[in-house]
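A.B. asks: Supplied in structure tokens, the structure appears directly below.
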Amino acid sequence: MTLEFDGTVRREGFVLAAQVRADPGEVVAVLGPNGAGKTTLLRAVCGLLRVDDGSITLDGRTLDDPARSRFVPAERRRIGVVFQDHRLFPHQRVIDNVAFGLRSQGVAPREARRRAAGWLDRLGLTDLSRRRPGQLSGGQAQRVALARALAIDPGALLLDEPLAALDVQTRAEVQGELRQHLSAYPGPTLLVTHDPIEALLLATRLVVIEQGRVVQQGTPAQITGRPVTPYVARLVGMNLYAGTSRGGIVALDGGGEIVAPDAPDGPVLVTLRPSAFTVHVEAPHGSSARNRWHGAIAAMVPLADRIRLTVTVPQPVLVDVTASAVAELRLEPGLPVWLTAKATDVTAYPAPVR
Amino acid sequence: MKTAGARTPIALVPPAAVGVAFLVLPTVALVIRAPWSDLATIYRSNDITSALRISIETSLQALVLSLILGVPLAWLLARSTAPGIAVVRALVTVPLVLPPVVGGLALFLALGRNGVAGRYLDRWFGITLPFTQHGVVLAEAFVAMPFLVVTVEGAFRTADRGLEEAAATLGAGRLRVFSRVTLPLIVPSLAAGSVLCWARALGEFGATLLFAGNLPGATQTMPLLILYAFNNKPQDAVALSLPLLVVAVVILGLLRDRWLRPAAAS
């Protein structure tokens with residue numbers, strides 16, 4: 001039961017050309033900014049959209065392959081979809097919503113209701129079975145949508161920004177149990193989202209797409225440890241610079257140098273945690289840190305337990321400092337500062353070939 | 001909405017007031033001048049029962065016919081991307097603007113015994129439509145169906161496609177999506193369109209007269225009976241109009257309180 005998308009979808013002024021694979025039991029998050037092609041991918045996989053080239057297969061069965069004139073319409077794919085806006089049928093009770101798929105497959109009314117009741121029970125929704133969707137909270141509606149998708153015994157499960165429509169408190173409640181339900185589901189799961197937290201919480205593997213292309217994929221640890229695009233770096237809160245390394249010195253594409261003894265020669269990406277820097281208001285003397293820049297504070301944003309500075313050297317650098325350091329050094333926007341970072345805090349790795 | 005009312009340009013008020021008077025006064029006059037004490041006698045002497053029966057039967061049959069043909073038509077007009085669908089839409093709404101008398105004449109030329117299509121109905125199946133109760137139904141449906149089609153088409157156009165997509169991913173074929181999702185979603189509009197359609201059929205006069213005639217007990221509907229009475233005993237016509245007035249008021253009440261409430265959709 002492996003789900004594989006390897007195709008191209010062309011829309012007005014936009015091309016999605018990607019290869020995404022999800023194995024049984026795997027939860028793959030397709031992460032990308034708005035307009036990256038995530039929803040297009042999801043719609044193609046569930047059959048609401050056709051690919052222009054390439055193919056979609058599930059468990060060895062070809063769902064879409066224009067070259068072989070094969071297209072299985074949505075209603076015959078048996079892929080469960082949980083839409084962002086849930087899309088529950090407003091005129092049907094919760095139990096009938098969940099039984100809808102079974103009824104569509106020809107299951108007799110009584111048996112369909114019995115099985116639907118089983119799913120409601122499993123998701124803790126039994127008390128709500130006679131309600132209408134209009135009488136449900138966001139979190140409840142989401143669970144009903146999940147029950148409805150799981151009730152058709154789907155060969156794959158797709159989720160479109162499952163937590164995005166929920167308020168902050170509901171999210172906290174829902175994400176834990178959603179994670180549980182997803183891990184109980186034996187088939188492949190594809191989750192599209194623009195929210196890295198959602199992806200990191202729910203997924204076992206991430207695929208990052210930007211402008212219709214896969215730019216990076218791997219485990220959450222691989223992605224957060226070695227971001228390859230500014231988008232991913234921003235998502236995981238890292239400084240990322242591209243440059244060319246020679247003998248442990250990286251000449252940055254945007255100007256300046258970084259000392260990174262472990263960097264392999266050639267085109268590399270360099271990351272630095274915002275907390276790796278030390279801020280000085282006078283030129284530092286006798287510091288053992290081998291990386292040193294001079295610039296000015298462009299912005300200051302308070303985070304939970306620290307202050308995040310943007311320092312332009314002239315490339316923007318994110319720097320985290322404590323509130324007491326801000327007070328002590330009298331840091332303020334426009335103030336010229338020196339930054340130092342130890343070479344051992346620099347991570348460098350070969351830039352992916354594009 | 002008090003603020004909106006306060007901002008009404010004063011110049012609009014007098015013509016609006018005259019407009020209200022113009023629309024309401026005739027109805028009031030009908031009620032005032034009705035021969036209330038002689039109603040029973042008038043109804044008995046004019047065979048109101050059979051005209052009322054024919055009116056109700058034919059208008060309901062016309063509604064059923066309009067639903068059977070009009071709902072699928074409305075769906076196609078709303079959703080089809082076929083070339084020429086705009087032309088079809090224009091053509092089927094012609095009866096909306098066509099004078100009913102002309103419509104009746106046109107029906108006669110199409111479905112009359114020597115009509116373009118009617119002659120074959122007569123020759124092959126022995127079916128004759130003009131001057132029969134079926135003819136009344138056809139004349140009424142011809143005039144009334146576009147009201148249903150236009151109302152329902154708008155609803156199909158604005159119905160949430162997302163729900164239809166969700167139904168498809170759950171394994172529902174096109175017909176099931178239509179019958180179990182789309183149709184239930186547009187029930188408020190379907191009801192409103194049906195009421196409009198039925199009311200129009202009930203009041204139909206011109207097309208019925210030309211295509212089905214004015215045969216008491218067979219094709220004479222209430223509007224035709226009223227005309228007949230008006231030519232002979234005008235006072236009777238007033239009395240005969242009252243039941244239709246009652247129906248109109250009831251329809252208005254139904255539309256207001258049941259089907260045109262926005263919340264009814266949820």
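A.B. asks: Is it the case that the range A:105-115 has a residue that's within 13 Å of chain B (Cβ to nearest Cβ), over 30 Å from residue A:212 (Cα atoms) and buried (at least 20 other Cβ atoms within 10 Å of the Cβ)?
C.D. replies: Narrowing the range A:105-115 to residues within 13 Å of chain B (Cβ to nearest Cβ): A:105-107, A:109, A:112.
With over 30 Å from residue A:212 (Cα atoms) added as a condition, the list becomes A:105-107, A:109, A:112.
Pick out the ones that are also buried (at least 20 other Cβ atoms within 10 Å of the Cβ) and you get A:112.
Yes; the residues of the range A:105-115 include at least one that is within 13 Å of chain B (Cβ to nearest Cβ), over 30 Å from residue A:212 (Cα atoms) and buried (at least 20 other Cβ atoms within 10 Å of the Cβ).
A.B. asks: Against the condition part of a helix (DSSP H, G or I), of a type in the set (Gly, Ala, Ser) and either outside the structural domain of residue A:41 (by TED's automatic domain parsing) or at pLDDT below 95 (or both), how does residue A:106 come out, does it pass?
C.D. replies: Numbers: part of a helix (DSSP H, G or I): no; of a type in the set (Gly, Ala, Ser): yes; either outside the structural domain of residue A:41 (by TED's automatic domain parsing) or at pLDDT below 95 (or both): yes.
No: the conditions fail for residue A:106.
A.B. asks: Across the range A:340-354, what is the number of residues that are touching a Ser or Thr at 6+ places or on another chain (Cβ under 7 Å) and of a type in the set (S, T, N, Q)?
C.D. replies: 2
A.B. asks: Just for the range A:58-69: of the residues that are of a type outside the set (A, V, I, L, M, F, W, C) and in a helix (DSSP H, G or I), which one is farthest from the other protein chains (Cβ to nearest Cβ)?
C.D. replies: Step by step, filter the range A:58-69, then rank; the result is A:68.
A.B. asks: Would you confirm whether any residue within the range A:137-145 is basic (Lys, Arg) and buried (at least 18 other Cβ atoms within 10 Å of the Cβ)?
C.D. replies: Of the range A:137-145, the ones basic (Lys, Arg) are A:143.
Next cut, buried (at least 18 other Cβ atoms within 10 Å of the Cβ) only: A:143.
Within the range A:137-145, one or more residues are basic (Lys, Arg) and buried (at least 18 other Cβ atoms within 10 Å of the Cβ).
A.B. asks: From A:13, A:47, which residue is on the phi > 0 side of the Ramachandran plot, surrounded by fewer than 18 Cβ atoms within 10 Å (Cβ to Cβ) and free of Cβ contacts under 8 Å to residues at least 60 places away in the same chain?
C.D. replies: Numbers: A:47 fails: surrounded by fewer than 18 Cβ atoms within 10 Å (Cβ to Cβ).
Only one candidate qualifies: A:13.
A.B. asks: Only one of A:98, A:72 is more than 9 Å from chain B (Cβ to nearest Cβ), crowded, with 24+ Cβ neighbours inside 10 Å and not polar (S, T, N, Q). Can you tell me which?
C.D. replies: Values: A:72 fails: crowded, with 24+ Cβ neighbours inside 10 Å.
Only one candidate qualifies: A:98.
A.B. asks: Considering only the range A:75-87, state which residues are more than 8 Å from every other protein chain (Cβ to nearest Cβ), open to solvent by 10 Å² or more (accessible area, probe 1.4 Å) and either touching a helix residue (DSSP H, G or I) at 6+ places or on another chain (Cβ under 8 Å) or without any contact (Cβ under 8 Å) to a residue 40 or more places away in the chain (or both).
C.D. replies: Let us first name the residues in the range A:75-87 that are more than 8 Å from every other protein chain (Cβ to nearest Cβ), namely A:82, A:84, A:86.
Narrowing the set further to residues that are open to solvent by 10 Å² or more (accessible area, probe 1.4 Å) leaves A:84, A:86.
Across the range A:75-87, the qualifying residue is only A:86.
A.B. asks: Could I ask something else about it? Among the numbered conditions (1) more than 14 Å from chain A (Cβ to nearest Cβ); (2) touching a strand residue (DSSP E or B) at 6+ places or on another chain (Cβ under 7 Å), tell me where residue B:244 comes up short.
C.D. replies: The number of the failed condition is (2).
A.B. asks: Yes or no: the range A:165-184 includes at least one residue that is out of contact with any Leu (no Cβ under 7 Å at 6 or more places or on another chain), open to solvent by 50 Å² or more (accessible area, probe 1.4 Å) and assigned to a loop (DSSP other than H, G, I, E, B). Let's see the steps before the verdict.
C.D. replies: Step one: filter the range A:165-184 for residues out of contact with any Leu (no Cβ under 7 Å at 6 or more places or on another chain), giving A:165-170, A:172-173, A:176-177, A:180, A:183-184.
Of the ones still in play, those that are also open to solvent by 50 Å² or more (accessible area, probe 1.4 Å) are A:165, A:167-169, A:172-173, A:177, A:180, A:183-184.
Okay, now just the ones that are also assigned to a loop (DSSP other than H, G, I, E, B), so A:165, A:167.
Yes; the residues of the range A:165-184 include at least one that is out of contact with any Leu (no Cβ under 7 Å at 6 or more places or on another chain), open to solvent by 50 Å² or more (accessible area, probe 1.4 Å) and assigned to a loop (DSSP other than H, G, I, E, B).
A.B. asks: Same structure, new question: Regarding residue B:159, is this residue at pLDDT below 95, within 30 Å of residue A:146 (Cβ to Cβ), within 14 Å of another protein chain (Cβ to nearest Cβ) and open to solvent by less than 40 Å² (accessible area, probe 1.4 Å)? Show your work before the answer.
C.D. replies: On the way: at pLDDT below 95: yes; within 30 Å of residue A:146 (Cβ to Cβ): yes; within 14 Å of another protein chain (Cβ to nearest Cβ): yes; open to solvent by less than 40 Å² (accessible area, probe 1.4 Å): yes.
Judged against the criteria, residue B:159 is a match.
A.B. asks: Scan the range A:132-144 and give yes if some residue there is more than 18 Å from residue A:91 (Cα to Cα), more than 23 Å from the chain's Cα centre (by Cα) and in contact (Cβ under 8 Å) with a residue 24 or more places away in the chain, otherwise no.
C.D. replies: Looking for residues that are more than 18 Å from residue A:91 (Cα to Cα), more than 23 Å from the chain's Cα centre (by Cα) and in contact (Cβ under 8 Å) with a residue 24 or more places away in the chain, one finds none in the range A:132-144, hence no.
Residue-wise test of (1) over 35 Å from the mean Cα position of the chain (by Cα); (2) closer than 18 Å to residue A:255 by Cβ; (3) of a type in the set (D, E, K, R).
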site: A:283; (1), (2), (3): yes, no, no
site: A:302; (1), (2), (3): no, no, no
site: A:306; (1), (2), (3): no, no, yes
site: A:318; (1), (2), (3): no, yes, no
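A.B. asks: Given (1) under 31 Å from the mean Cα position of the chain (by Cα); (2) open to solvent by 50 Å² or more (accessible area, probe 1.4 Å), identify the lone condition not met by residue A:258.
C.D. replies: It is condition (2) that residue A:258 fails.
A.B. asks: For residue A:123, work out the one condition from (1) within 14 Å of another protein chain (Cβ to nearest Cβ); (2) open to solvent by less than 40 Å² (accessible area, probe 1.4 Å) it doesn't fulfil.
C.D. replies: Evaluating residue A:123 over (1) within 14 Å of another protein chain (Cβ to nearest Cβ); (2) open to solvent by less than 40 Å² (accessible area, probe 1.4 Å) leaves (1) as the failure.
A.B. asks: Looking at the structure I just gave you, is residue B:188 open to solvent by less than 60 Å² (accessible area, probe 1.4 Å), assigned to a helix (DSSP H, G or I) and more than 14 Å from chain A (Cβ to nearest Cβ)? Steps first, answer last, please.
C.D. replies: Values: open to solvent by less than 60 Å² (accessible area, probe 1.4 Å): yes; assigned to a helix (DSSP H, G or I): yes; more than 14 Å from chain A (Cβ to nearest Cβ): no.
Considered against the rule, which asks whether it is open to solvent by less than 60 Å² (accessible area, probe 1.4 Å), assigned to a helix (DSSP H, G or I) and more than 14 Å from chain A (Cβ to nearest Cβ), residue B:188 comes out as no.
A.B. asks: From the list B:172, B:110, B:144, B:139, which residue is hydrophobic (A, V, I, L, M, F, W, C), under 30 Å from residue A:106 (Cα atoms) and open to solvent by less than 40 Å² (accessible area, probe 1.4 Å)?
C.D. replies: Result: B:172 is the single residue among B:172, B:110, B:144, B:139 that is hydrophobic (A, V, I, L, M, F, W, C), under 30 Å from residue A:106 (Cα atoms) and open to solvent by less than 40 Å² (accessible area, probe 1.4 Å).
A.B. asks: Tell me, which helices (runs of 4 or more DSSP H) lie completely within the range B:75-124 with 2 or more residues that are at pLDDT 90 or above and within 30 Å of residue B:174 (Cα to Cα)?
C.D. replies: On the way: elements: B:85-92, B:94-97, B:100-111.
The helices (runs of 4 or more DSSP H) meeting that bar are B:85-92.
A.B. asks: Follow-up. Given the conditions (1) of a type outside the set (Lys, Arg); (2) under 25 Å from residue B:59 (Cα atoms); (3) out of contact with any helix residue (DSSP H, G or I) (no Cβ under 7 Å at 6 or more places or on another chain), which single one is not true for residue B:175?
C.D. replies: Of the numbered conditions (1) of a type outside the set (Lys, Arg); (2) under 25 Å from residue B:59 (Cα atoms); (3) out of contact with any helix residue (DSSP H, G or I) (no Cβ under 7 Å at 6 or more places or on another chain), the odd one out for residue B:175 is (2).
The values are calculated or read from the model by the stated rules, or taken from the named source; none is laboratory data. Just so it is clear, the model here is predicted, and its values are computed rather than measured. Every residue, glycine as well, gets a Cβ built from its backbone with ideal geometry; the counts of neighbours run over all protein chains shown. Heads up: the accessible areas ignore ligands, DNA and RNA and are worked out on the full protein's heavy atoms, side chains in. Shrake-Rupley method; radii C 1.70, N 1.55, O 1.52, S 1.80 Å.
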